[in-house]
Amino acid sequence: MKSPLLSLPGAVAAEGADEGVAAHYGDLFREQRALAEGAGFVDLSHRGVVTVTGEDRLSWLHLLLTQHVSELPAGQAAEALILSAHGHIEHALYLVDDGTTVWAHVEPGTQEALVAYLESMKFFYRVEVADRTADVAVVHLPAGSITEAPEDAVVRETPYGRDLFLPRADLERYAEKAGPAAGVLAHEALRVEQRRPRLGFETDHRTIPHELGWIGAAVHLQKGCYRGQETVARVQNLGKPPRRLVFLHLDGSEVRLPAPGADVRLADDGPDGRRIGFVTTSARHFELGPVALALVKRNVPVDARLIAGDTAAAQEAVVEP
């Protein structure tokens, strides 16, 4: 779904998973700096929007999600996952309940599969599931922003800022008041700085929540009764995840960033050494320079020097080995 804000001055369209919104508006670092200072907004209208209504919405979702939501207070934000029977991550939901409806935004293009799964699990519960992507858009206001949300917007407030669920028809009018606009590249650079994983970027077909630090943030360990819970409990109580998320400071003398999927190797083994992980997201940060997130084998020493693609990298542990 192509955003009308791509018509704003300087807008350069994003590619890949974020296609449909602006990558930037002509000045990546200025846009990052504005967001870091609590100014501006990010157009995330390409993200999927799913709602759940009905008397049983919270108790029903509690049975399906990794998060404890049966008594979620109205207005309180939550993150939650849906896992496969083997504990692998299938969906990530960023949700809030407004008192009558649970609103969730999800990765672009995943809403149809999510709705299909939720519909298959309704049984006799009094719930209604809807894909609202066509008529509701997501806008992100950074932490510290004093921009007011429209009265008809649903607000999801987090330590990283506020996500607004707006009528899609109001997106252009709201953008005129909320500027300056920042593109998704600026938003992604700050996400990498904050060490926050993203479905489809830090995940592959076998990722479990422990590898990314999603335990606690999106997985509640004091609840059961959801698909994949056995794997979560077993790894938490009896073992360690096979991989761990790391933050990389990349050599700033390199012109190109390592692409997602680029091999990560031990620097001591040289460029032909064995693969011990891969880059998940790379970005140029306005203060830190080139940075990245990567998944590496759990037993990689935390002080080991690495090579990401062809670029030397120093690591910081996000998930401890």
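The values are calculated or read from the model by the stated rules, or taken from the named source; none is laboratory data. Since the structure is predicted, the reported quantities are computational estimates derived from the model, not experimental observations. Backbone-built Cβ (ideal geometry, glycine too); neighbour counts: all protein chains shown. The accessibility values were calculated without ligands, DNA or RNA, using every heavy atom of the protein model including side chains. Shrake-Rupley method; radii C 1.70, N 1.55, O 1.52, S 1.80 Å.
If you go through region 114-172, how many residues are more than 30 Å from S84 (Cβ to Cβ), part of a loop (DSSP other than H, G, I, E, B), open to solvent by 70 Å² or more (accessible area, probe 1.4 Å) and in contact (Cβ under 8 Å) with a residue 60 or more places away in the chain?
Residues in region 114-172 being more than 30 Å from S84 (Cβ to Cβ), part of a loop (DSSP other than H, G, I, E, B), open to solvent by 70 Å² or more (accessible area, probe 1.4 Å) and in contact (Cβ under 8 Å) with a residue 60 or more places away in the chain: 1 in total.
Output the residues belonging to region 157-203 that are within 29 Å of G289 (Cα to Cα), of a type in the set (D, E) and out of contact with any Leu (no Cβ under 8 Å at 6 or more places or on another chain).
Scanning region 157-203 gives E157, E188.
What residue, among those in region 219-278 that are crowded, with 19+ Cβ neighbours inside 10 Å and among the small types (G, A, S), is farthest from I208 (Cα to Cα)?
The qualifying residue farthest from I208 (Cα to Cα) is A262.
Matching residues to (1) closer than 18 Å to A218 by Cβ; (2) modelled with pLDDT under 95; (3) under 16 Å from the mean Cα position of the chain (by Cα):
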| residue | (1), (2), (3) |
| --- | --- |
| S70 | yes, no, no |
| A74 | no, no, no |
| A77 | yes, no, yes |
| G87 | yes, no, no |
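Sort through E157, E151, E112, E128 and tell me the only one that's out of contact with any helix residue (DSSP H, G or I) (no Cβ under 9 Å at 6 or more places or on another chain) and either more than 23 Å from G40 (Cα to Cα) or not charged (D, E, K, R) (or both).
Among E157, E151, E112, E128, only E112 is out of contact with any helix residue (DSSP H, G or I) (no Cβ under 9 Å at 6 or more places or on another chain) and either more than 23 Å from G40 (Cα to Cα) or not charged (D, E, K, R) (or both).
Can you find even one residue in region 67-74 that is assigned to a loop (DSSP other than H, G, I, E, B), within 18 Å of W214 (Cβ to Cβ) and of a type in the set (V, I, T)?
Looking through region 67-74, at least one residue is assigned to a loop (DSSP other than H, G, I, E, B), within 18 Å of W214 (Cβ to Cβ) and of a type in the set (V, I, T).
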